[in-house]
Each structure stands twice: as structure tokens, then as C-alpha cells.
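Accompanying notes for the structure given below.
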Amino acid sequence: MTAAPKTFRLPRFFREESGVLLAETVIILPLLIWAFLGLYVYWDAYRSVTTVQKAAYTISDMITREMNPISDNYIVGMDRVMEYLVDEDQDVATRVTSVAWSQSNQRFEVHWSRSDGNVLQPLTTATLQPLAAQIPAMAEGDFVMIVEVRVPYEPAFDVGLTSDNVSEFIVTRPRFLRCIVINNGICPLV
């Protein structure tokens, strides 16, 4: 018996399908695992952002519905509520600021600003001006409450997202009073 010429073996080699499943698995499985981890990390980041946003709006709404003067202890309590709502093991930094528009000075002016433990430095009229674009137009003597929140975020796996802070800047007008006062202060005429 004579051996088949080598030219006939090559087409048979290309038609052979044994081992294809293993080869496809070796190629596709790492991509599937990477895609699954990536989807998990991006979903977790989105969940963290929306949780912080909802919690910040809740804190802002609670403060603006107050009808009595609030205290420094109230601000500390709001920070604790924020930590509970976010349900993170991370340190949550919260700053609450009362701001008014002064038509005569053509600027936003800080009535008062507090942060639990001064984690975020209290705002002053000068340090507020770079943030003025984030505050809506107001009439003379109107007051708003600004609630700022920063929560650190660390992705579970390295799929392209970096560690960063999730930040919110919420501006809300007081619901029932002209302004919210702290430590038995008064609403100034601006």
C-alpha cells in the first residue's frame, strides 16, 4: 500500500473538528469573566452614585423642612443619618450652608456654614463665589440651603474605573420659612 500524497492530508486537517471546544473555551472564557467583572463594577459604581444622590436629597429635604432653629448637634446628626442612608463603611463628609443673594453686592453671601468635625471647611462668601454657577438665580433676600456630600468610592476590581469621591451639590429653598437659622440666630436682611 502506498501512502497518500501530502496534498490530500491538508484538506482533511482543516475539516477535523476535535479539540475545537477546548480552543474556543480557552479564548472566550477569559473574555466572559472580564466582561462579567466589568459589568459588576460598573453596576456597583452606578448603584453607589444613585444611593449617595438619593441620600443627599433626603438630607437636604429634611433640613429645609425645619421650622425651628437647628443646632450644631443637628448637623452632626444629619451626618450620621447620611452615613446610615449610604450604608458605606467609608467616612461620609457633609457640609450644610445657608446662602442668600445680595442684589446690592451682586453676589451670593454665606449666612452660615457647618461641617461635622470640619471635614469639609465651612464656606465663606469668598470661597462660595467659584461655586456660584451651580446655584440658580435668586431674588433679593432669598435664601437657599446647600448640602454638599462626598463619599469615597473604591471599585471592587480593576476594570478601568479609578478610586474617586462620589460628590453631590444640592441646592434647596427652605419650605416653610424665609431662612433656616442655626444656634438661635436670626435671618439677616441682605
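FYI, it's all coordinate maths here, none of it is from the lab. Just so you know, these numbers come straight off a predicted model, no measurement behind them. Cβ atoms come from the backbone with ideal geometry, glycine included; neighbour counts cover every protein chain shown.
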Check your understanding: By per-residue mean of other Cβ atoms within 10 Å, what is the highest-first order of 71-78, 97-104?
Key -> 97-104, 71-78
Review point. How much net charge surrounds Ile75 when only the other residues with a Cβ under 14 Å from the Cβ of Ile75 are counted, with Lys and Arg +1 and Asp and Glu -1?
Key: -3
Revision key, fill the gap. The simple spin-label model distance between Phe169 and Val49, using points 7 Å out along Cα→Cβ, in nm, is 1.6 nm
Study note, to complete from the structure: Computed on Cα atoms only, the convex hull of the stretch 128-190 has an orientation-averaged projected area in nm² of 6.9 nm²
Study note, to complete from the structure: By the DSSP-based rule, helices of the chain that are at least 30 Å long along the axis (C-alpha) and have a mean Kyte score of at least 0.5 are 20-64
Review point. What does the charge add up to near Asp142, with Lys and Arg as +1, Asp and Glu as -1, over the other residues with Cβ less than 14 Å from its Cβ?
Key: +2
